[in-house]
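Some notes on the structure that comes next.
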Amino acid sequence: MFVMHRRTLLVAFLLLPALPCLAHATWSIIVLDRTRQWIGVAGASCTPDVYGIMSLRPGQGVLIAQAIGDEAAIRRANELLAGGTPSDSALRLVTARTVDTASWFRQYAVASFAGGLAQFTGDSTATYHGQRRTDDVLVQGNSLPGPAVLDQAMAAIRAASVAGRSLPEILIAGLAAGAAAGGDVRCDTQRATSAFLVVARPGERPFLPYLTLSVFGAERGTVNAVEVLAARLTRWTRSGGARNVITQEGVQPPGRAVTRKQPRAMPPR
């Protein structure tokens, strides 16, 4: 059984913090849907909770700050972006050595409908580190076993987009492909202990986007958080979740199974 926190429809529950926290995140994805002005974000890591890497402005754009984050730089980047500074200019300003003397430990990605797309990967972020970009898609990561994580994630995103998949499906396709290619090197075959997926529509509050699915706190050596996230998305889709005004769900997978002399059958979930 999962430990689950769930809110649907018109909710006022704040599931997670507004600003990115100091997180050694691994691979993340941003996809913009310009036709509907929707923003899609996903990420995974071998850390307890990777969700905090994101600062979301529905209908406008999103900032991801990962590797070793700096709260002052993140606040400044958000101020610049909210004030209309183009994405590449905002990143140049907050990563200048005169502003942040440790910017080589940072990794950023910004996508804005008005200000464009930009990425920054510091030379001292954990290897393998890198970034990939195509039209309205950003993929970036650190602490990876190699470039295949980013390459396969981008390829899966392209394939899902061409196939006409929904934005949540495109995001999970990219995240799952990254996991299959090796995920977070610190997690070995587990790939990730936390993962999330968010879709935001114009006019929504940053804390209450249309869809938030999060998996956090998986015990090391147990389940792959990306696989759990994919299963939760499938469940949401099949149960008609797309019709909800808002869905916010966070789940914590169980710990290691305890051996029982007489196992007890559990009802299907």
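The values are calculated or read from the model by the stated rules, or taken from the named source; none is laboratory data. Model, not experiment: these values are computed from the prediction. Virtual Cβ from ideal backbone geometry, glycine too; neighbours counted across all protein chains shown.
Counting only residues that are modelled with pLDDT under 95 and either in a strand (DSSP E or B) or β-branched (Val, Ile, Thr) (or both), the range 95-124 holds 3 of them.
In the range 135-165, how many are in a helix (DSSP H, G or I) and among the charged types (D, E, K, R)?
To start, the set of residues in the range 135-165 that are in a helix (DSSP H, G or I) comprises 148-162.
Still in the list and also among the charged types (D, E, K, R): 151, 158.
Count: 2.
Exactly one residue out of Ser112, Ser143 is in contact (Cβ under 8 Å) with a residue 12 or more places away in the chain, buried (at least 21 other Cβ atoms within 10 Å of the Cβ) and within 16 Å of Arg34 (Cβ to Cβ): that is Ser112. Evaluation of Pro168 against the conditions (1) in contact (Cβ under 8 Å) with a residue 24 or more places away in the chain; (2) not in a helix (DSSP H, G or I); (3) not polar (S, T, N, Q) shows that the sole unmet condition is (2).
For the range 73-93, the set of residues classified as over 15 Å from Ser112 (Cα atoms) and touching a residue at least 12 places away in the same chain (Cβ under 8 Å) consists of Ala73, Ile74, Arg75, Arg76, Leu93, listed by residue number.
Taken over the range 178-231, residues that are β-branched (Val, Ile, Thr) and under 14 Å from Gly43 (Cα atoms) amount to 7. Under the condition of being within 14 Å of Ala65 (Cβ to Cβ), among the small types (Gly, Ala, Ser) and in contact with a strand residue (DSSP E or B) (Cβ under 8 Å, 6 or more places away or on another chain), the residues counted in the range 81-102 number 2. When restricted to residues that are surrounded by fewer than 14 Cβ atoms within 10 Å (Cβ to Cβ) and farther than 19 Å from Pro206 by Cα, the range 75-88 contains 0.
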